[in-house]
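Worksheet for the structure shown next.
The values are calculated or read from the model by the stated rules, or taken from the named source; none is laboratory data. Please read these numbers as outputs of a predicted model, since none were measured by experiment. All Cβ positions, even for glycine, are placed from backbone atoms using ideal geometry, and neighbour counts span all protein chains on display.
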Amino acid sequence: MVIKTIDAYMLQKMFLAGAKSIESKKEYINELNVFPVPDGDTGTNMTLTIMSAAKEVSQLENPTIDSLAKAISGGSLRGARGNSGVILSQLFRGFTKEIKEYTEINVTIMANAFQKAVETAYKAVMKPKEGTILTVARGGAEKAAQLVGETEDLVYFGEEVLKYMEEVLAQTPELLPVLKEAGVVDSGGQGLLEVLKGAYDALLGKEVTFEAVPARNIEINVNADIDTADIKFGYCTEFIIMLDKEYTPEMDVDFKGYLESIGDSLVVVSDDEIVKVHVHTNDPGLAIQRALTYGALSRMKIDNMREEHTEKLIKDAEKLAAKQAEVKKKEKAPEVKPKKEVGFISVSIGEGINEIFNGLGVDYIISGGQTMNPSTEDMLTAIEQVNADTIFILPNNSNIILAAQQAKDLTEDKKIVVIPSKTVPQGITAIINYVHDKTTDENEVRMTEEMKKVKSGQVTYAVRDTNIDGKEIKQGNIMGLDDKTILAVGTDISETAFQLIDSLVDDDSELISLYYGAEITEEAAGELADLITEKYPDVDVEVHFGGQPIYYYVLSVE
């Protein structure tokens, strides 16, 4: 079979086939991540990114190359999550810039589009690393350029490009030692290959269907009229599981039975792709850990109902008064917060950490973090909601910085400053060091420099067996991580947290801050603080309720 040109209808099929291909392999790609932490993972982030574009592409009934280019570029840019998702969206952005003027695509145009894709993606990353998705993409572009003049057959062209990209992917462990030690290839590069393999299958005539399946019975209604004395389980826990395998009726019964054993007010609804969960429990972490066996989590929300109940009576009275005044207010313009010169947006998760950021003057909290990376669209929504001329964004996670930068690039009516905070403690330090009478540029430098002085750590559990930096890690082990590697491994949360802190403290350390998560009691956090104080009597120790899921402790040493 020889194919010399691709029209809009074929390009649409190829893109949707690529999206379905990576969706079907996302869990395999997730398993290639070096660190065995329970986060959103590369496969999930890349899938959510391309699916954002695929939904727009699938709705085009009479596509042109130009309309497809807009849907692919716009959808992926707004839906980009995590570094791998942002880089994928930039590859699409460059590719579509090159093809949008044409009605058909041949080998020469395809090769030029590959080159433009790589150039655009490399420019989007401040410090590109080799041995990553960028290396694999560049390999494909180089092979594509070699084939121009050798063939006009897109089938042969695609076969050779994919073959060479697989060779480049196999070499990524030689370029990144951490991949070699973990015994894996780069997950982002593997994800890109899965997209292109799916597109190539469609070119060969393999049929693919793309359907955005709505969730069944997704609404949740919970009786709010509860007396404090009747609250047996204190945490209202909600999240969505993005399934990475078939969710059978037997699994549904087993999962519901488990949730009923640790809580009440249970609602579990599902379709072929997601499961939405609502449960009241005294241990949200147990619900979350079981849920992670079915897939990645999104839209996590944990509320302390006992603390909220006292405020509820007042709020109910306020709501009643508001309803009574609703008719009078209809003719009035909606209340708009006064415009500010400077506003702040922070990515955060956990009731306690959210309160800390709000108390420091953050105008808008984007729910997310390591367990669920917000999209560029989430960033743009937050920017729209903050009525300020200049807005500082604190991503507080290394895998969210690129999405924030992309939102900055897409914003025209406000000045956006992204402070590249990689952890929550860095974000807290950055905003504390904002000085009102200094210029935006001066504050950007000050905040960035001050947060670099913070040593951050996190304590969580391993989701699979691996070996990193000479440390043998088993599934279920407790791990202490800084922002670069795993520093402590054990079986006890407090002991591992103590080992992590011990590795971060030096002679210049003056303050240790502990933010304990939803699964840790105040008593346990206090006992850990006492142990730290005993060993480091000259260092101040502060304990804060963070309320974050998954991570038992988030901590900092300054």
When you look at residue 432, is it buried (at least 16 other Cβ atoms within 10 Å of the Cβ), within 30 Å of residue 493 (Cα to Cα) and β-branched (Val, Ile, Thr), yes or no? no
Residues of the range 379-405 satisfying the condition of being surrounded by fewer than 24 Cβ atoms within 10 Å (Cβ to Cβ) and in a helix (DSSP H, G or I): 380, 381, 382, 383, 384, 385, 401, 405
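Specify the residue that is surrounded by the most Cβ atoms within 10 Å (Cβ to Cβ); the eligible residues are those in the range 1-42 that are among the polar types (S, T, N, Q) and not in a helix (DSSP H, G or I).
Let us first name the residues in the range 1-42 that are among the polar types (S, T, N, Q), namely 5, 12, 21, 24, 30, 33, 42.
If we keep only those that are not in a helix (DSSP H, G or I) too, we end up with 5, 33.
Working: 5: 15, 33: 22.
If we take residues in the range 1-42 being among the polar types (S, T, N, Q) and not in a helix (DSSP H, G or I), then 33 is surrounded by the most Cβ atoms within 10 Å (Cβ to Cβ).
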Cβ-Cβ below 6 Å, separation at least six or inter-chain, first residue in the range 46-71 and under 16 Å from residue 376 (Cβ atoms), second polar (S, T, N, Q) and part of a helix (DSSP H, G or I): which pairs? 46/84; 49/76; 49/89; 53/76
Check 97, 70 and return the single one that is among the charged types (D, E, K, R), over 16 Å from residue 404 (Cα atoms), assigned to a helix (DSSP H, G or I) and out of contact with any helix residue (DSSP H, G or I) (no Cβ under 7 Å at 6 or more places or on another chain). 70
Among (1) surrounded by fewer than 21 Cβ atoms within 10 Å (Cβ to Cβ); (2) under 17 Å from residue 9 (Cα atoms); (3) of a type in the set (A, V, I, L, M), which single condition is residue 72 missing? (1)
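Condition check ((1) within 30 Å of the chain's Cα centre (by Cα); (2) surrounded by fewer than 24 Cβ atoms within 10 Å (Cβ to Cβ)) across all residues:
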position	(1), (2)
62	no, yes
67	yes, yes
85	yes, no
89	yes, no
103	no, yes
Would you be able to say whether some residue in the range 141-152 is surrounded by 18 or more Cβ atoms within 10 Å (Cβ to Cβ) and at positive phi? no
Boolean, residue 372 is aliphatic (A, V, I, L, M) and over 20 Å from residue 341 (Cα atoms): yes
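Just one of 523, 495, 510 is touching a residue at least 40 places away in the same chain (Cβ under 8 Å) and surrounded by fewer than 22 Cβ atoms within 10 Å (Cβ to Cβ); which is it?
On the way: 523 fails: touching a residue at least 40 places away in the same chain (Cβ under 8 Å); 495 fails: touching a residue at least 40 places away in the same chain (Cβ under 8 Å).
From the options 523, 495, 510, the qualifying one is 510.
Among the residues that make up the range 498-521, is at least one of them among the charged types (D, E, K, R) and at pLDDT 95 or above?
Within the range 498-521, the subset among the charged types (D, E, K, R) is 502, 506-508, 510, 519.
Among the residues that remain, those that are also at pLDDT 95 or above are: none.
Taking every residue of the range 498-521 in turn, none turns out to be among the charged types (D, E, K, R) and at pLDDT 95 or above.
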Selection from the range 262-290 of residues that are more than 25 Å from the chain's Cα centre (by Cα), among the β-branched types (Val, Ile, Thr) and outside any strand (DSSP E or B): 262
Can you pull out the residues in the range 521-548 that are in a strand (DSSP E or B) and either farther than 22 Å from residue 234 by Cβ or not assigned by TED's automatic domain parsing to the domain that holds residue 494 (or both)? 540, 541, 542
Just give me the residues in the range 149-198 being in contact (Cβ under 8 Å) with a residue 40 or more places away in the chain, among the β-branched types (Val, Ile, Thr) and within 14 Å of residue 114 (Cβ to Cβ), in sequence order. 161, 195
Would you check if residue 348 is crowded, with 24+ Cβ neighbours inside 10 Å and of a type in the set (Ser, Thr, Tyr)? yes
Matching residues in the range 345-378 - criterion: being out of contact with any Lys or Arg (no Cβ under 8 Å at 6 or more places or on another chain) and part of a helix (DSSP H, G or I): 351, 352, 353, 354, 355, 356, 357, 358, 359, 378
